[in-house]
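Step one of this worksheet: look at the structure below.
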Amino acid sequence: MKKRVLVTGGAGFIGSHVCDTYVADGYEVLCVDNLSSGKRANIAHLLDSAHFQFVEADITHPEAMATLFASFQPTIVNHHAAQKSVVTSLEDPLYDLDINGKGLLVLLACIQKHPIDTFVYVSSGGALSKVIEGDETSREEDTPQLISPYAITKYAGEQYLAIYAEAYGFVYTVLRYANVFGPRQIPDGECGVVPIFVNNIVANQTSVLMTYPDMPRGCTRDYVYVGDVAEANRLATIRPLNTVVNIGSGEEIAILDIYETIAAIFEKDSNIRIEGPRAGDVKRSVLSNARAKARLGWQPQISLEVGLLALKKEMKLGL
Ligand SMILES: NC(=O)c1ccc[n+]([C@@H]2O[C@H](COP(=O)([O-])OP(=O)(O)OC[C@H]3O[C@@H](n4cnc5c(N)ncnc54)[C@H](O)[C@@H]3O)[C@@H](O)[C@H]2O)c1
């Protein structure tokens, strides 16, 4: 029998690539998205498939979700829908709690009534990073900093999921992403530093770099290509680990280095304005991917440079 996967946030940047992977692998896919930041265009190429359905709905609405679970009867839930901005979570923590907290609990309540086999939950390795010293990387077992409501709701979600999995007899994997980049990403928030810089560089507009006195090249991040992230979802679905796993490159790169790499690949340059640090931002972030390699059989295949070239090609800016 075909596996039936409900993908929340499937019209978004990462979720749409995950839908592509499931459809290619022969799953029956129901994509649920309220299009608050996702786009129909991201899934337009899938709408002709007999194995793909899209429903515009909000995961925080219990009746709407109950109806979808009852009719589609998913065996797998892949949960990408979220409020994804650290800044928004600080400005409006109730909204963050509503989407990231209540939204997950609504799905888990549906699962109580309509049991599933497997849950893939998306968390943030960047936001849940520990304080990094020297050449350390952040490991899954480290104590996270929890310096934003977004980090708190994502972390709480991990804990809720573990409890519900035990109580309702399904297996799960928590994928803690590093900073994901690639085609379909929109420049809306701190996750979107790559498209923000790309757009500014292409349009010859000034970019902003947030720095600390001891980090003049800006915060550091770990960048992972969206195709590699979709592959991690494929593996987590067939090989659930019942634990948390980081999905990152293991490479630490300063934001100014990202900017300069993009400028070099797009063969353009524009101005950059230096500003002070932003509340809620983790200063340094780089994820150990040792667990993903050992237990999921996953490792990143696409480097930052190759991924940026793919993005340039997608944007039809020539190579
Ligand atoms: N982009 C990154 O670098 C990154 C890093 C770590 C974790 N994540 C996580 O990955 C997931 C996907 O992020 P993304 O970058 O693709 O962002 P995105 O905004 O493109 O995707 C989120 C999707 O969820 C949908 N959505 C939001 N609220 C909803 C609701 N109430 N009901 C139904 N749909 C709703 C949006 O319309 C959108 O399509 C999120 O959970 C995010 O926290 C992203």
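Can you show me the helix-derived [θ] at 222 nm for the chain, built from DSSP H runs with n ≥ 4 at -39,500 (n - 2.57) apiece and divided by the number of residues, rounded to the nearest 500.
On the way: 10 runs with 109 residues, N = 319.
Using -39500 (n - 2.57) per qualifying helix, the result is -10500 deg cm²/dmol.
Once each part is reduced to its C-alpha centroid, what is the distance from segment 29-48 to segment 240-319 in angstrom?
Taking the Cα centre of segment 240-319 as reference, the centre of segment 29-48 is 25 Å away.
Enter the Cα centre distance for the pair segment 66-88 and segment 92-156, rounded to the nearest angstrom.
Segment 66-88 and segment 92-156 have Cα centres separated by 14 Å.
Can you give the Kirkwood hydrodynamic radius of the chain from its Cα pairs, in Å with one decimal?
On the way: mean 1/r = 0.0504 Å⁻¹.
Every distinct Cα pair counted, the radius reaches 19.8 Å.
Can you give the angle from 0 to 90° between the axis of helix 62-72 and the longest principal axis of the chain, with both taken from C-alpha atoms, to the nearest 10?
70 degrees
If I fit a long axis through the Cα atoms of helix 304-314 and take the longest principal axis of the Cα atoms of the chain, what angle between them do I get, 0 to 90°, rounded to 10?
70 degrees
Go through H45, H79, H114 and list them by solvent-accessible area, largest first, probe radius 1.4 Å. Present the calculation step by step, with values, prior to reporting the outcome.
Details: H45 100, H79 5, H114 30 Å².
Descending order: H45, H114, H79.
With every protein chain present, what is the per residue accessible area of the chain (1.4 Å probe, Å²)? Don't skip to the end; give the middle numbers.
Values: 13550 Å² over 319 residues.
Dividing the accessible area of the chain by its residue count gives 42 Å².
Name the residue from H79, A50, T237 whose Cα lies farthest towards the positive end of the charge dipole of the chain, charges +1 on Cβ of Lys and Arg and -1 on Cβ of Asp and Glu.
A50
Most mobile of H61, H17, H80 per a Gaussian network model of the chain (Cα springs, under 10 Å)?
Answer for the Gaussian network model of the chain: H61.
Would you mind checking the pairs K39/K313; K84/K113; K3/K293; K39/K312; K268/K313 and listing those with alpha carbons more than 18 angstrom apart?
Values: K39/K313 20 Å; K84/K113 28 Å; K3/K293 25 Å; K39/K312 20 Å; K268/K313 15 Å.
Over 18 Å Cα-Cα: K39/K313; K84/K113; K3/K293; K39/K312.
Taking all protein chains as present, what is the carbon and sulfur share of the accessible area of segment 162-212, in % to the nearest whole number, probe 1.4 Å?
Percent of accessible area from carbon and sulfur atoms in segment 162-212: 53.
Roughly how many Å² of S129 are accessible to a 1.4 Å probe, to the nearest 10?
0 Å²
Could you give the angle, 0 to 90 degrees to the nearest 10, between helix 226-238's Cα long axis and the longest principal axis of the Cα atoms of the chain?
Tilt relative to the chain: about 30 degrees.
With only Lys, Arg, Asp and Glu charged, each at its Cβ (+1 for the first two, -1 for the last two), find how big the charge dipole of the chain is about the Cα centre; round to the nearest 20 debye. Show your work: numbers first, answer last.
Numbers: 28 positive and 37 negative charges, 118 e Å.
So the magnitude is around 560 debye.
Answer with one residue from G218, V171, I152: the one whose Cα lies farthest towards the positive end of the charge dipole of segment 77-220, charges on Cβ with Lys, Arg +1 and Asp, Glu -1.
Positive-most Cα among the choices belongs to V171.
Under 17 Å between alpha carbons, and skipping anything fewer than 8 positions from K283 in its own chain: which lysines qualify?
K130
At a Cα cut-off below 14 Å, give the aspartates and glutamates reachable from K102, other chains included and same-chain residues fewer than 8 away excluded.
Cross-link targets: D58, E63, E158.
Counting only protein chains, not ligands or nucleic acids, how are R176, R295 ordered by accessible area (probe 1.4 Å), most first? Write out the running numbers ahead of the final one.
Details: R176 10, R295 115 Å².
So the residues, ranked largest to smallest area, are R295, R176.
Where does each of S37, S85 land when they are ordered by accessible area, with a 1.4 Å probe and the largest first?
On the way: S37 55, S85 15 Å².
From most accessible down to least: S37, S85.
The values are calculated or read from the model by the stated rules, or taken from the named source; none is laboratory data. These numbers were taken from a predicted model, which means no experiment stands behind them. Backbone-built Cβ (ideal geometry, glycine too); neighbour counts: all protein chains shown. Only protein heavy atoms, including side chains, enter the accessible area calculation; ligands, DNA and RNA are left aside. Shrake-Rupley method; radii C 1.70, N 1.55, O 1.52, S 1.80 Å.
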